[in-house]
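Asks: Right, I'll just put the structure down here and ask away after.
The values are calculated or read from the model by the stated rules, or taken from the named source; none is laboratory data. Keep in mind that what you see is a predicted model, and the values were worked out from it rather than measured. Cβ sites come from the backbone with ideal geometry, for glycine too, and all protein chains shown count toward neighbours. Ligands, DNA and RNA are stripped out before the accessible areas are found, and what is left, the full protein with its side chains, is counted by its heavy atoms. Shrake-Rupley method; radii C 1.70, N 1.55, O 1.52, S 1.80 Å.
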Amino acid sequence: MRKLILPCFCSFLLIQSCSFLDNQPIPPSEGGTPAIEASKSSKSNNSKQAAKPTYSNFETETLYSLIVAEVAASRQQYDITLNNYIDEAKETGDLGVIARATRLAQYFRAHEQTLAMGKLWLAQTPDDIEANAIVATAHIEKRQFFQALDYAEIILSLIDVNDSNGYKSAGITETIANFSRSADTLTRQKLIGRYTSLSERYPDFTAIKVGLSILYEAQPDTAAAYKVIEEALANDSDYLPAIMQEIRLLQESKQNELAIKKLKTQLDKKPDDARLRLLYARMLTQTDIEAAYEEFTRLSEQSPQHLDIKFSRALIALELKKKEEAERLLKELLKVNYRKNTINYYLGNIAELDKNYDRALGHYIAVTSGDDYIPAHSRAARIMANQGNVSEAQKHFSKLRTESPNRRSQLYAAEAEMLEQQDDIESALDILSVGIDEYPDNINLRYTRSSLYEKTDQLVLMENDLRHILNLEPENSATLNALGYFLTSRTDRHAEAFQLIQKALASKPDDPAIMDSMGWVLFNLKRYDEAIEYLRKAFELFPDPEVAAHLGEALWTQGNKQEARSIWINNLKDNPNDNRIIDTMERLRVNPY
């Protein structure tokens with residue numbers, strides 16, 4: 001059986017998260033204007049919390065440059081603002097100018113300039129917590145985790161665990177751990193060593209333990225992650241990041257009921273905590289979509305400026321077929337340029353549902369980048385083709401391949417899909433072959449072409465494409481399964497098929513599509529009891545008509561005709577026109593009544 005990928009609007013919600021590195025408003029200078037008082041720059045030598053940077057007397061040229069920088073900021077000419085401040089920071093060495101330049105560089109995510117200015121700041125006040133945090137953050141953004149941790153260690157040495165602000169400052173260790181989730185295994189392993197040492201040196205800072213749990217989770221080593229988070233909660237049972245990490249770990253280990261129970265307990269204690277309520281709302285998207293909608297609506301009304309929440313609310317409204325509300329929310333987001341590519345994609349979806357194809361086309365073509373680029377333009381081309389403009393749709397794809405050379409292979413596949421939907425398999429094969437000539441080792445193009453070869457009974461060519469993929473990726477479970485299923489369904493090479501499917505199943509033992517293939521090859525090998533065992537498991541996980549057809553036939557062959565007929569009839573109620581079940585019943589001469 002070939003695996004199906006089912007789209008879901010709400011899956012997008014699960015990857016939303018808050019970040020320590022979220023943009024803040026452009027940092028104003030003291031008093032909202034250039035703080036160029038005639039005061040001497042002060043340097044704190046004995047206070048861990050360094051003194052607020054002050055400014056010196058300036059020459060006329062410097063004064064003019066800084067005023068120009070602030071005026072430019074008011075006019076959104078931010079390159080002038082940043083460049084002027086950096087130039088004057090280097091020229092004057094003034095601590096106030098250096099600090100402002102550093103904050104501006106951080107806000108504009110100019111990481112190299114942030115590091116340069118931050119180090120100038122630290123050269124004068126090495127114990128300044130803010131300066132160390134900004135430099136650490138710039139290293140995080142550049143994925144330089146060990147350098148970031150060096151500065152985090154300095155912060156830990158400066159702060160007091162009994163001071164609430166200091167306690168929060170330790171949270172930078174959580175940020176480093178969160179960003180290092182995408183690092184390689186060896187990097188995370190080295191970070192685990194550093195964090196373990198830090199946790200021993202600073203046992204009262206719960207944030208370090210949370211960071212260590214995050215690193216273990218990413219390895220993945222869930223048992224170690226959970227053990228560390230239990231230690232964190234024993235240290236501080238009210239520390240919110242630790243509570244949220246425990247709940248995430250419970251979710252990952254499929255203990256959803258316990259996760260929700262613990263989250264509700266925390267919400268009873270802190271009913272107004274937006275982060276807990278947001279986590280609760282996101283969890284509900286997997287269990288109770290209506291309740292999730294109510295939670296996101298409440299959150300959105302409480303925090304109308306929180307655009308991520310409004311976006312989540314819109315997606316759930318769309319999932320619940322509340323089109324008017326979803327469209328209103330999405331249009332509000334589009335007005336402020338929030339995720340404009342994604343918003344245009346979903347507005348195109350709504351327009352399509354309303355059969356307003358011209359409006360849908362406009363929204364789809366407005367998508368210029370991002371993950372929605374290919375789906376949006378594929379839908380646009382499909383609309384063109386359905387309106388009788390297949391050649392126009394093909395010209396659109398050709399133009400896109402010229403404009404987006406990095407997406408050429410994906411666009412070949414998308415064009416082939418559009419042509420297949422128009423029942424022009426021959427043209428679809430032609431465009432795939434053009435793409436494969438250009439990208440001979442592209443697995444997606446090969447796999448797609450193989451499925452079309454099967455549809456047109458060009459079985460030798462189909463097998464050639466699948467074998468080519470396996471030469472490139474011998475452990476590719478989807479291809480192993482596809483080739484094995486083809487061999488046992490369309491040929492008598494069942495022993496060979498069994499070896500391929502067995503290898504695929506060893507890689508993904510819980511995949512119902514591969515379980516179905518294994519059950520079917522065992523059936524063809526006349527190992528009926530084993531076949532039924534696999535097919536039952538596959539059907540429990542994924543009651544698809546194809547699995548129902550296979551399980552029913554295996555049961556029928558073994559004499560369990562009543563159960564077989566029941567499985568077929570019940571499945572046909574939800575899939576009345578599915579030929580796989582109908583053909584099986586006709587071939588076995590089964591009376592549906």
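Asks: Which residues, counting only those in segment 362-400, are small (Gly, Ala, Ser), more than 26 Å from the chain's Cα centre (by Cα) and not in a helix (DSSP H, G or I)?
Replies: The one that is small (Gly, Ala, Ser), more than 26 Å from the chain's Cα centre (by Cα) and not in a helix (DSSP H, G or I): GLY388.
Asks: Only one of these is crowded, with 17+ Cβ neighbours inside 10 Å, in a helix (DSSP H, G or I) and either among the acidic types (Asp, Glu) or in contact with a strand residue (DSSP E or B) (Cβ under 7 Å, 6 or more places away or on another chain) (or both): GLU290, GLU352, GLU301. Name it.
Replies: Details: GLU290 fails: crowded, with 17+ Cβ neighbours inside 10 Å; GLU301 fails: crowded, with 17+ Cβ neighbours inside 10 Å.
Result of the check over GLU290, GLU352, GLU301: GLU352.
Asks: Give me a count of the residues in segment 311-334 that are open to solvent by 30 Å² or more (accessible area, probe 1.4 Å), among the basic types (Lys, Arg) and farther than 17 Å from GLY348 by Cβ.
Replies: At the first step, the residues of segment 311-334 found to be open to solvent by 30 Å² or more (accessible area, probe 1.4 Å) are 319-325, 327-328, 331-332, 334.
Now drop any that are not among the basic types (Lys, Arg), which leaves 321-323, 328, 331.
Adding the requirement that they be farther than 17 Å from GLY348 by Cβ leaves 322.
Residues meeting the conditions: 1.
Asks: Further, regarding this structure: Consider ARG339 carefully, then state whether it is open to solvent by 70 Å² or more (accessible area, probe 1.4 Å) and of a type in the set (Lys, Arg).
Replies: Judged against the criteria, ARG339 is a match.
Asks: Give the residue, chosen from GLU217, GLU230, that is at pLDDT 90 or above, in a helix (DSSP H, G or I), more than 24 Å from ILE155 (Cα to Cα) and over 24 Å from the mean Cα position of the chain (by Cα).
Replies: Working: GLU217 fails: over 24 Å from the mean Cα position of the chain (by Cα).
GLU230 is the lone residue from the list that is at pLDDT 90 or above, in a helix (DSSP H, G or I), more than 24 Å from ILE155 (Cα to Cα) and over 24 Å from the mean Cα position of the chain (by Cα).
Asks: Go through ALA223, ALA170 for me and flag whichever is crowded, with 19+ Cβ neighbours inside 10 Å, modelled with pLDDT under 95 and in contact with a helix residue (DSSP H, G or I) (Cβ under 9 Å, 6 or more places away or on another chain). Working first, answer last.
Replies: Numbers: ALA223 fails: crowded, with 19+ Cβ neighbours inside 10 Å.
That would be ALA170, the only listed residue that is crowded, with 19+ Cβ neighbours inside 10 Å, modelled with pLDDT under 95 and in contact with a helix residue (DSSP H, G or I) (Cβ under 9 Å, 6 or more places away or on another chain).
Asks: Taking the condition farther than 24 Å from ILE176 by Cβ and either touching a residue at least 40 places away in the same chain (Cβ under 8 Å) or open to solvent by less than 10 Å² (accessible area, probe 1.4 Å) (or both), does ALA259 pass? Quick ask: steps written out before the conclusion?
Replies: On the way: farther than 24 Å from ILE176 by Cβ: yes; either touching a residue at least 40 places away in the same chain (Cβ under 8 Å) or open to solvent by less than 10 Å² (accessible area, probe 1.4 Å) (or both): yes.
So ALA259 passes the test.
Asks: Tally up the residues in segment 551-586 that are farther than 16 Å from ASN524 by Cα and part of a helix (DSSP H, G or I), please.
Replies: Our first condition is that a residue be farther than 16 Å from ASN524 by Cα; within segment 551-586, this holds for 559-583, 585-586.
Adding the requirement that they be part of a helix (DSSP H, G or I) leaves 561-574, 579-583, 585-586.
Of the residues in that region, 21 qualify.
Asks: What residue, among those in segment 103-121 that are among the aliphatic types (A, V, I, L, M) and touching a Phe, Trp or Tyr at 6+ places or on another chain (Cβ under 9 Å), is surrounded by the fewest Cβ atoms within 10 Å (Cβ to Cβ)?
Replies: Going through segment 103-121, the residues among the aliphatic types (A, V, I, L, M) turn out to be 104-105, 110, 115-117, 120.
Imposing the further condition that a residue be touching a Phe, Trp or Tyr at 6+ places or on another chain (Cβ under 9 Å) reduces the set to 104-105, 117.
Values: LEU104: 26, ALA105: 24, MET117: 30.
Across segment 103-121, the extreme among qualifying residues is ALA105.
Asks: Let me ask you something else. Can you say whether ARG490 is within 30 Å of TRP520 (Cβ to Cβ), modelled with pLDDT of 95 or more, touching a Leu at 6+ places or on another chain (Cβ under 8 Å) and among the charged types (D, E, K, R), as far as the supplied structure shows? Give the steps one after another, and end with the answer.
Replies: On the way: within 30 Å of TRP520 (Cβ to Cβ): yes; modelled with pLDDT of 95 or more: no; touching a Leu at 6+ places or on another chain (Cβ under 8 Å): yes; among the charged types (D, E, K, R): yes.
Here the answer is no, as ARG490 does not meet what is asked.
Asks: So which residues in segment 64-84 are within 13 Å of ARG100 (Cβ to Cβ) and either in contact (Cβ under 8 Å) with a residue 40 or more places away in the chain or outside any helix (DSSP H, G or I) (or both), if there are any at all?
Replies: GLU70, ALA73
Asks: Considering each of LEU186, LEU250, LEU258 in turn, give the residue that is assigned to a helix (DSSP H, G or I), over 25 Å from GLU295 (Cβ atoms) and of a type outside the set (D, E, K, R).
Replies: On the way: LEU250 fails: over 25 Å from GLU295 (Cβ atoms); LEU258 fails: over 25 Å from GLU295 (Cβ atoms).
After ruling out the rest, the residue left standing is LEU186.
Asks: Is there a residue in segment 133-140 that is touching a residue at least 60 places away in the same chain (Cβ under 8 Å) and either under 22 Å from LEU82 (Cα atoms) or in contact with a strand residue (DSSP E or B) (Cβ under 8 Å, 6 or more places away or on another chain) (or both)? Don't jump to the end; show me each part of the working.
Replies: Taking segment 133-140 and keeping what is touching a residue at least 60 places away in the same chain (Cβ under 8 Å), we get 137, 140.
Subset that is either under 22 Å from LEU82 (Cα atoms) or in contact with a strand residue (DSSP E or B) (Cβ under 8 Å, 6 or more places away or on another chain) (or both): 137, 140.
So far as segment 133-140 goes, yes, one or more of its residues are touching a residue at least 60 places away in the same chain (Cβ under 8 Å) and either under 22 Å from LEU82 (Cα atoms) or in contact with a strand residue (DSSP E or B) (Cβ under 8 Å, 6 or more places away or on another chain) (or both).
Asks: Considering only residues that are part of a helix (DSSP H, G or I), open to solvent by 20 Å² or more (accessible area, probe 1.4 Å) and of a type outside the set (Phe, Trp, Tyr), which ones fall in segment 130-157? Let's see the steps before the verdict.
Replies: Going residue by residue through segment 130-157, those that are part of a helix (DSSP H, G or I) are 130-141, 145-157.
From what is left, the residues that are open to solvent by 20 Å² or more (accessible area, probe 1.4 Å) are 130, 133, 141, 146-147, 150-151, 153-154, 157.
Residues satisfying the conditions are GLU130, ALA133, GLU141, GLN147, ASP150, GLU153, ILE154, SER157.
Asks: Next question. Please go through (1) more than 25 Å from SER169 (Cα to Cα); (2) modelled with pLDDT under 90; (3) not small (Gly, Ala, Ser) for LYS270 and return the number of the only condition it doesn't satisfy.
Replies: (1)
Asks: Could you pull out the residue among LEU535, LEU555, LEU551 that is farther than 30 Å from ASN476 by Cβ and open to solvent by less than 10 Å² (accessible area, probe 1.4 Å)? Steps first, answer last, please.
Replies: Numbers: LEU535 fails: farther than 30 Å from ASN476 by Cβ; LEU551 fails: farther than 30 Å from ASN476 by Cβ.
Step by step, each of LEU535, LEU555, LEU551 is checked, and only LEU555 is farther than 30 Å from ASN476 by Cβ and open to solvent by less than 10 Å² (accessible area, probe 1.4 Å).
Asks: Moving on to the next point. Only residues in segment 267-291 that are farther than 16 Å from LEU320 by Cβ count as the first member; pair them with residues that are surrounded by 15 or more Cβ atoms within 10 Å (Cβ to Cβ) and aromatic (Phe, Trp, Tyr), Cβ under 6 angstrom, at least 6 apart or cross-chain, and list the lot.
Replies: none
Asks: Would it be correct to say that PRO25 is modelled with pLDDT under 85, outside any helix (DSSP H, G or I) and closer than 24 Å to ILE172 by Cβ?
Replies: Working: modelled with pLDDT under 85: yes; outside any helix (DSSP H, G or I): yes; closer than 24 Å to ILE172 by Cβ: yes.
In short, yes.
Quick grid of which residues meet (1) touching a helix residue (DSSP H, G or I) at 6+ places or on another chain (Cβ under 8 Å); (2) open to solvent by less than 10 Å² (accessible area, probe 1.4 Å); (3) not aromatic (Phe, Trp, Tyr):
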| residue | (1), (2), (3) |
| --- | --- |
| ALA73 | yes, no, yes |
| GLN76 | no, no, yes |
| ALA101 | yes, yes, yes |
| GLN124 | yes, no, yes |
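Asks: Those residues that are of a type in the set (S, T, N, Q), assigned to a helix (DSSP H, G or I) and either open to solvent by 10 Å² or more (accessible area, probe 1.4 Å) or at pLDDT below 95 (or both), I need them from segment 410-461; list them, please.
Replies: Within segment 410-461, GLN410, GLN421, SER427, SER433, ASN444, THR448, SER451 meet the criteria.
Asks: Moving on to the next point. Given the criteria within 27 Å of ASN577 (Cβ to Cβ), among the aromatic types (Phe, Trp, Tyr) and surrounded by fewer than 23 Cβ atoms within 10 Å (Cβ to Cβ), does PHE498 qualify?
Replies: Values: within 27 Å of ASN577 (Cβ to Cβ): no; among the aromatic types (Phe, Trp, Tyr): yes; surrounded by fewer than 23 Cβ atoms within 10 Å (Cβ to Cβ): yes.
No.
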